[in-house]
Amino acid sequence: MPESPPVPLPHPAGPLAGYRVLDFADEKGQLCARLLGELGADVIKVEPPRDGDPTRQNGPFFRDEAAPNTSLYWWAMNAGKRSITCQLRLEAGRDLVRRLAAVSDIVIETGMPGTAAELGLDYPALSAVNPGVIVVSITNFGQAGPYKDMLATDIVGSAMGGHMYLNGDDERGPVRTLAPQAYAQANVQGAVGAMIALYARGVNDGGGQHVDVSMQEAVANALDNAQQTWDIRHINNRGPGTGRMVGGNPGPRYLYETADGWVTCLALGGLIGPSAGVAIDWLAATGEARDLDSLAWRTKLAALVPLEPKDRAYVEETLAAFCKTKPKESLVEQAQQRGFGWAPVFSPREVVESKHLKARDFWVRVRHEDIGESFIYPGPPFRLGLTPWAQRGRAPLVGEHNEQVYGELLGLDAAELRRLRMRMVV
Amino acid sequence: MSEGKVLKKPFAGIRVADFAWVGVGPTVSKYLADHGAEVIRIESSTYPEALRRVGPFVDDTPGMDNSGYYANFNSSKLGASVNLKHPRGPELVKRLLATCDVVTESFTPGTLERFGLGYETIRAIRPDVVMIAMPLYGQTGPWAGYSGYGHVLQAASGFNHLTGWEDGPPIGTGIAYTDFLVPHIAAVALIAALDHRRRTGQGQYIDFGQMEAAVHALGTAVLDWTANGHEQKRMGNRDPEAAPHGCYRCKDGRYLVIACFTEKHWEALKAALGRPEWCDMDRMRRRWQRLDEQKEIDRHLGYWIEDFTRMPPDSPFYTEEGVEAPPVRKFTTEEMMAHMQSFGVPCGIVQSAEDLQRDPQLAFRGHYWKLQHPVMGLRTYDGPSFRLSRTPAELTKAAPLLGEDNEYAWKTLAGLSDDEYTELLVEGAFE
């Protein structure tokens, strides 16, 4: 790799090469824009002048030192984008945005409903300068409706969308996932909306449209079968999370402690179901099947009829005792050899060290020439045979591409740019 | 480009042969179906789709065509069935695939190949086909042959480790989480490939490993390890960046979440609480101080919220406000949320599936669709989370019965004559 790779790395082979995306988004849309960039689109992150985007203040920070270019959140969500600065509170800034929108295909924004309209940068205004533009608005609850002005962060999205209710225990209540999943859902579902609008433009009249994405709805679409279970049985699926509840019926425990961590498995690891005999043999090989190694139990477990609670508890205890003394990865390997779909509980470190992902050459090393180091980033979320995904390099510095973008796309020369800078427009 | 002009649905004219099953695949093809594609689920009664065998079932009566779990992810689709183990099964499928633009599947790698239906074969029949294979772990690597479901993949891809109480086990999200995360990422790849095909005529193969897509939703957890050597771990409802950040019980037993990331949020919360003394203490002044005082803040907030919310009016414990003590304003949980929001505090109710059915915002947006199913009756389906202003989604029909559209698939599309079709039907080729 050259000493100073270009930022972003070019990606002409991507399926979206040739499209341009303007990214005004916060946590609800930055990953969405990044994914489009990794498919080849030219993604331009638009930030306020000086301090840059507010999410540059999101922790954690590289070496725990907070600075505009050390936010790991910023690195993760904005890798491979170009950055320009533009003051939307000034008419001159809004004018630059309209001119950029005229040469862009997709605009992603996450402002509270009405904000873009106040600035004269909403879909009607932008489509007036570019009828083909697609405006993706990702908001907490959507553009209109009784909750449209409600404030939300990730946990509020998870709560109002129904996800948090599905987990947690009676004593301590519902519990969330530390890595923000309401934001993740809004981003990836927003990206689907953007892609459908892009495809629709191609097969229709070349016209763009407005894509109105709701984080609450994105979460509500990620509830397993809770919606249907209420609709059909009037039962609310819910925690405590150690088991699997399907269709309102609490299932057996799916999480077992091992010598070095935890493993997960459905159907009592295979001990109930048509292949129960295989699982019993596995436990019996080390003399740990207890009473299950008997004709009565073998028949009962293979019969596909629900177990009595005390029988289920006995099987759970037997399996728990078996797992407790063995390392998790070898348990999973042995289970998979027997056709049982077990998986280990991996921490982020173990995910990064996973031999499977290493064998698939998943991880990408990204050069941060500005601090003289390179770091491991996640690799392809999908592998397109002909038009591949590509990591596009590190996240941009504040306004790193002002000359490039304003010069190439809008034809502004150095003098004009300097004037705009002095008026604090860029 | 007049607004009034009737536009083509985005995927009108695209035909999809959908071999993908359980959660991930059907959600991907549902996007295409709800936006105009002709999606044909290809199933078999000899090896039925797992979700058809899992409830909730209408009237608690298990049946292939009676599962709400299956139905929700298969709106707007057609259903065909074929027994690939029948001597003519693979050939029939090939005849059908010749008419399809997209093939989706989510079997363990090698399954379709065993029936002579690998990508190379399909491409020979249909050179511009876009095919996406979506098993848990992708087509290669030591785990490629591993089986499982989203409920265990959430563990392997890091979500369990990040979910639960600080001092408790890695309980995970309570659901088969990755099944409801990765299909959206797969759909992005698939539609990007379709757009490339639209412009160039070229099809392609997509190797989609669910675990690899899921890793992209881990937020900062990967970089925190690779750049800082710090391992993030579950911490209940706390957040390393915000205080207070938690979940508080209301008198009616429901929960309210509150998250204060900025000084503005904190000032708003103080105002909403009526500026009690504790929150103006010196050690509450800065965000980093409040992060250390979470326990204290949670104790106060917990009391305050429980105190100021009330039981539902029909509760036996309900007492009219102000009867015994000096009048105290008591809120329903909804009113409490509105009160906090009116001051600018990000907060929300932990809503159940039941609450969502009554949620005024979801109702306003028309999130849920009611579709009539011949066996299950009028049922609720999820619509997409986005509204496209000019080519909106339309859920055209309820989920297909197993093999409901066999005559269309095998006679009209695959070109079987009436006699051939009947003969094969009797032989069990469509089971």
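What follows draws every value from the coordinates through simple rules; no lab data is involved. All values derive from a computational prediction rather than experimental measurement. Glycine also receives a Cβ, built like all others from the backbone with ideal geometry; neighbour counts cover every protein chain displayed.
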Task: For the range B:335-431, the Rg and Dmax computed from alpha carbons only, in angstrom - done: 22.5, 73
Task: Reach of B:Lys233 by Cα under 27 Å, taken over lysines that are not fewer than 8 positions away in the same chain - done: A:Lys28, A:Lys324, A:Lys326, A:Lys328, A:Lys355, A:Lys358, B:Lys295
Open item on the list: As I understand it, the value is the acute angle between the Cα axis of helix B:418-427 and the longest principal axis of the Cα atoms of chain B; what does it come to in degrees, rounded to 10?
Closed with: 70
- [ ] Using just the helices of chain A, give the 222 nm mean residue ellipticity in deg cm²/dmol: DSSP H runs with n ≥ 4 each add -39,500 (n - 2.57), and the total is spread over all residues, rounded to 500.
- [x] -10500 deg cm²/dmol
Open item on the list: If I fit a long axis through the Cα atoms of helix A:181-203 and take the longest principal axis of the Cα atoms of chain A, what angle between them do I get, 0 to 90°, rounded to 10?
Closed with: 60
Open item on the list: What's the magnitude of the charge dipole for the range A:292-426 around its Cα centre, counting Lys and Arg as +1 and Asp and Glu as -1 at the beta-carbon? Answer in Debye, nearest 20.
Closed with: 220
TODO: Lys and Arg at +1, Asp and Glu at -1: add these up for the other residues within a Cβ distance under 11 Å of A:Val7 and post the number.
DONE: +2
Open item on the list: Which of rounded, prolate or oblate describes the range A:254-353 when judged by the alpha-carbon gyration tensor and an a/c cut-off of 1.5?
Closed with: prolate
Open item on the list: About the Cα centre, and with charges only on the beta carbon of Lys, Arg (+1) and Asp, Glu (-1), how big is the dipole of the protein assembly as shown? Nearest 20 debye, please.
Closed with: 1180
Task: Net charge of neighbours whose Cβ lies under 14 Å from the Cβ of B:Leu416, counting Lys and Arg as +1 and Asp and Glu as -1 - done: -4
Open item on the list: I'd like the Kirkwood hydrodynamic radius of the range B:97-221, using the inverse of the mean 1/r over distinct C-alpha pairs, in Å.
Closed with: 15.8
Open item on the list: Taking every DSSP beta bridge with both residues inside the protein assembly as shown, roughly what % is antiparallel (nearest 5)?
Closed with: 50
Open item on the list: Given N residues in the range A:302-412, what is its alpha carbon radius of gyration divided by 2.2 N^0.38 Å?
Closed with: 1.84
Open item on the list: Restricted to Cα positions, what overall size does the range B:245-352 have along the principal axes? Three whole-Å values, descending.
Closed with: 43, 33, 24
Open item on the list: Can you work out the Karplus-derived ³J(HN,Hα) for every residue in the range A:372-383? Use 6.51 cos²θ - 1.76 cosθ + 1.60 with θ = phi - 60°, whole Hz, and x for glycine or proline.
Closed with: x, 9, 10, 9, 8, 10, x, x, x, x, 7, 10
Task: Gyration tensor verdict on the range B:1-125 (Cα atoms; rounded if a/c is under 1.5, prolate if a/b is larger than b/c, oblate otherwise) - done: oblate
- [ ] Determine the sum of side-chain charges near A:Ser104: Lys and Arg each +1, Asp and Glu each -1, restricted to other residues whose C-beta is under 9 angstrom from that of A:Ser104.
- [x] -1
- [ ] Count, for each residue of B:26-35, the Cβ atoms from other chains sitting within 10 Å of its Cβ, then give me the mean as a whole number.
- [x] 2
Open item on the list: As an exercise, take the mean of 1/r over every pair of distinct alpha carbons in chain A, invert it, and state the Kirkwood radius in angstroms.
Closed with: 24.6
- [ ] Would you work out which of B:Pro62, B:Phe11, B:Ser45 lies farthest towards the positive end of the dipole of the range B:1-72? Charges go on Cβ: Lys and Arg +1, Asp and Glu -1.
- [x] B:Phe11
Open item on the list: For the range A:152-233, take N as its residue count and report Rg(C-alpha) divided by 2.2 N^0.38 Å.
Closed with: 1.37
TODO: Quick one: grab the alpha carbon gyration tensor of the range A:1-151, order the square roots of its eigenvalues as a ≥ b ≥ c, and give me rounded if a/c is under 1.5, else prolate or oblate depending on whether a/b is larger than b/c.
DONE: oblate
Task: Spatial extent of chain B: Rg and Dmax, with the Cα atoms as the point set, Å - done: 26.5, 87
Open item on the list: Rounded to whole Å, give me the distance from the Cα center of the range A:10-28 to that of the range A:187-205.
Closed with: 13
Open item on the list: Report for chain A the percent antiparallel among DSSP-assigned beta bridges with both residues inside it, nearest 5.
Closed with: 45
Open item on the list: Whole percent per 20 Å bin, from 0 to the bin with the longest distance: what is P(r) over all C-alpha pairs of the protein assembly as shown?
Closed with: 15, 48, 31, 5, 0
TODO: Just rank B:Cys260, A:Cys32, fewest to most, by other beta-carbon atoms within 10 angstrom.
DONE: B:Cys260, A:Cys32
TODO: Evaluate peptide A:371-381: per residue, the Cβ atoms of other protein chains within 10 Å of its Cβ; return the mean as an integer.
DONE: 5
TODO: For each of B:Lys295, A:Lys326, B:Lys370, B:Lys30, count neighbouring Cβ atoms within 10 Å of the residue's Cβ, then give the residues from fewest to most.
DONE: B:Lys295, B:Lys370, A:Lys326, B:Lys30
Open item on the list: What is the angle, in °, between the Cα long axis of helix B:182-200 and the longest principal axis of the Cα atoms in chain B? Nearest 10 is fine, range 0 to 90.
Closed with: 50
Task: Assigned charges on the beta-carbon of Lys, Arg, Asp, Glu; the range A:254-353 dipole about Cα centre (debye) - done: 200
- [ ] Enumerate the amide H contacts of A:Val364 below 5 Å, restricted to partners 5 or more residues apart or on another chain; note that Pro and chain-start residues carry no placed amide H.
- [x] A:Tyr377, A:Gly379
- [ ] Please report the relative contact order for chain B, taking Cα pairs under 8 Å with a sequence separation of at least 6, and give it as a percent rounded to a whole number.
- [x] 20
